[in-house]
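Written below as structure tokens is the structure these notes are about.
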Amino acid sequence: MKKNYVNKGIIVCLLVMELIYVLQLMLTRSVFLQGYMVKDMTNTGMDFFNMLALIGEPDVYCKSSNYPAMVFLILKFFYRLIPTNIVLSDNGTDGFFLRDYLPSALSYMIYSVFVIIAIYELVKYIYKENQFESTMLAVAIILSGPMMFTLERGNIILLAFLFSLIYVAFYKSFNRYLRLVAYIALAIAAAIKIYPALLGFLTLSQKKYKETILLIFLGIIFFITPFFMFGGLESIYKMLMGLAQSANIQGNGGCGYNFSISNLIKIINILFGVHISQSGITILKLLVCIYCGVLYALAQQEWKKILAVILLMIWLPEFSYTYTLIFMIIPFLLLLKQREGKKQIICLICFILILIPYALPALESMDVDGAWLPLNVSTIIINFSIIILAVVALVDSLNRFQIKKK
């Protein structure tokens with residue numbers, strides 16, 4: 001009963017904070033919108049439409065795109081909604097035109113509605129409490145900060161998250177066909193965003209070695225095969241070059257909306273004047289890998305194992321923007337289901353701080369001149385909330401390990 005009471009309180013808190021965010025924006029006429037959403041207010045949805053525009057190019061990697069070919073294969077179907085006369089004109093490769101053009105805008109509407117409904121239903125399926133509580137949780141998740149940020153950006157990570165959620169929902173199923181669905185879903189998620197592949201460690205932890213091999217095989221097939229529709233092995237090289245270029249450009253664009261270890265070091269330098277060299281950052285990344293590995297190994301609860309994997313997915317890439325935080329929804333859901341002990345209430349509070357949107361000031365004067373992603377208060381709060389969550393999760397796991405050993 002106490003557990004249900006706390007869960008309801010957490011869900012209500014999340015919904016109330018989301019409502020407060022909207023009311024703050026209304027009362028201030030969006031003065032603090034930049035404190036959570038990106039600075040350029042005329043760029044909405046362009047992650048989607050810039051990639052859609054590349055389908056009209058002779059080579060989808062001609063502009064240093066960093067997306068795997070599976071993304072373009074999916075977008076190729078949406079591009080079929082665009083009339084031939086537009087496809088054959090310069091407008092067919094203009095992302096801003098496509099955003100304002102109904103047939104292509106319709107493709108984004110269809111994509112978004114489908115994914116949101118699917119996530120809504122999966123959240124209710126995974127939580128499996130009473131109908132009202134599950135529905136309120138699903139609504140709170142849809143209205144969470146990372147979800148809203150992802151929809152505003154139009155980033156296809158939303159689809160990778162959906163397929164990752166399918167995997168988490170069914171990878172332990174007693175029905176082998178549902179497990180196969182889970183493995184295919186994870187293979188597609190990894191083919192879209194690469195790093196969801198790390199979730200495959202969950203199947204390995206179940207000691208399903210043959211199925212782990214199958215999962216790896218599916219991952220390779222779903223990742224590699226689409227490249228042969230866009231230039232073959234050469235396009236893989238171009239994608240990797242695009243990733244390297246993006247890390248360099250975006251890593252110097254400011255400290256806002258970024259939750260990687262590299263960006264955290266920059267924030268610490270700004271706030272406390274602590275300078276760490278590039279070699280020091282490399283060592284820290286290695287320590288992060290060890291930390292997450294220890295957390296994964298010691299964790300007796302599923303949500304902590306998944307958290308360890310998600311932390312790697314967020315901390316290691318150079319440009320882990322707010323949309324990567326949607327993966328935090330998975331351990332949050334499982335913690336609500338599996339919570340045991342008072343320390344884990346602290347973890348729930350940290351998850352709330354990570355998932356709510358903030359109408360708080362930007363700190364442009366503290367960042368590099370002309371930053372298009374300037375530091376803001378919400379980025380600081382979320383970064384340190386992630387650290388506290390990781391520390392508390394490990395301490396709790398160590399305590400449980402010692403008790404079990406005794």
Residue pairs qualifying under the 6 Å Cβ cut-off, at least six apart or on distinct chains, with the first in the range 193-204 being under 19 Å from residue 321 (Cα atoms) and the second being β-branched (Val, Ile, Thr), are 193/157; 198/309
Close pairs (6 angstrom Cβ cut-off, 6 or more residues apart or separate chains): touching a residue at least 24 places away in the same chain (Cβ under 8 Å) and farther than 17 Å from residue 321 by Cα in the range 363-379, open to solvent by 20 Å² or more (accessible area, probe 1.4 Å) and part of a helix (DSSP H, G or I) anywhere: 366/270
Of the criteria (1) open to solvent by 20 Å² or more (accessible area, probe 1.4 Å); (2) in a loop (DSSP other than H, G, I, E, B); (3) of a type outside the set (A, V, I, L, M, F, W, C), which one residue 50 fails: (2)
Being open to solvent by 10 Å² or more (accessible area, probe 1.4 Å) and not basic (Lys, Arg) is the filter here; which residues of the range 176-199 pass it? 177, 178, 180, 181, 184, 188, 190, 194, 195, 197, 198
Cβ pairs under 6 Å, 6+ apart, first in the range 312-326 and under 13 Å from residue 382 (Cα atoms) and free of Cβ contacts under 8 Å to residues at least 60 places away in the same chain, second in a helix (DSSP H, G or I) and open to solvent by 40 Å² or more (accessible area, probe 1.4 Å): none
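Output the residues belonging to the range 99-121 that are more than 16 Å from residue 78 (Cα to Cα) and either among the aromatic types (Phe, Trp, Tyr) or surrounded by fewer than 19 Cβ atoms within 10 Å (Cβ to Cβ) (or both).
Listed by number, the residues that qualify are 116, 117, 118, 120, 121.
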State whether the residues of the range 265-279 include one that is in a helix (DSSP H, G or I), open to solvent by 30 Å² or more (accessible area, probe 1.4 Å) and more than 19 Å from residue 383 (Cα to Cα). yes
Residues located in the range 297-311, provided they are open to solvent by 10 Å² or more (accessible area, probe 1.4 Å) and either free of Cβ contacts under 8 Å to residues at least 12 places away in the same chain or in a helix (DSSP H, G or I) (or both): 297, 298, 302, 305
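The values are calculated or read from the model by the stated rules, or taken from the named source; none is laboratory data. Because the structure is predicted, anything quoted here is derived from the model rather than measured. Reconstructed Cβ throughout: ideal geometry from the backbone, glycine too, with neighbour counts over all protein chains shown. Ligands, DNA and RNA are excluded from the accessible area calculation, which covers all protein heavy atoms including side chains. Shrake-Rupley method; radii C 1.70, N 1.55, O 1.52, S 1.80 Å.
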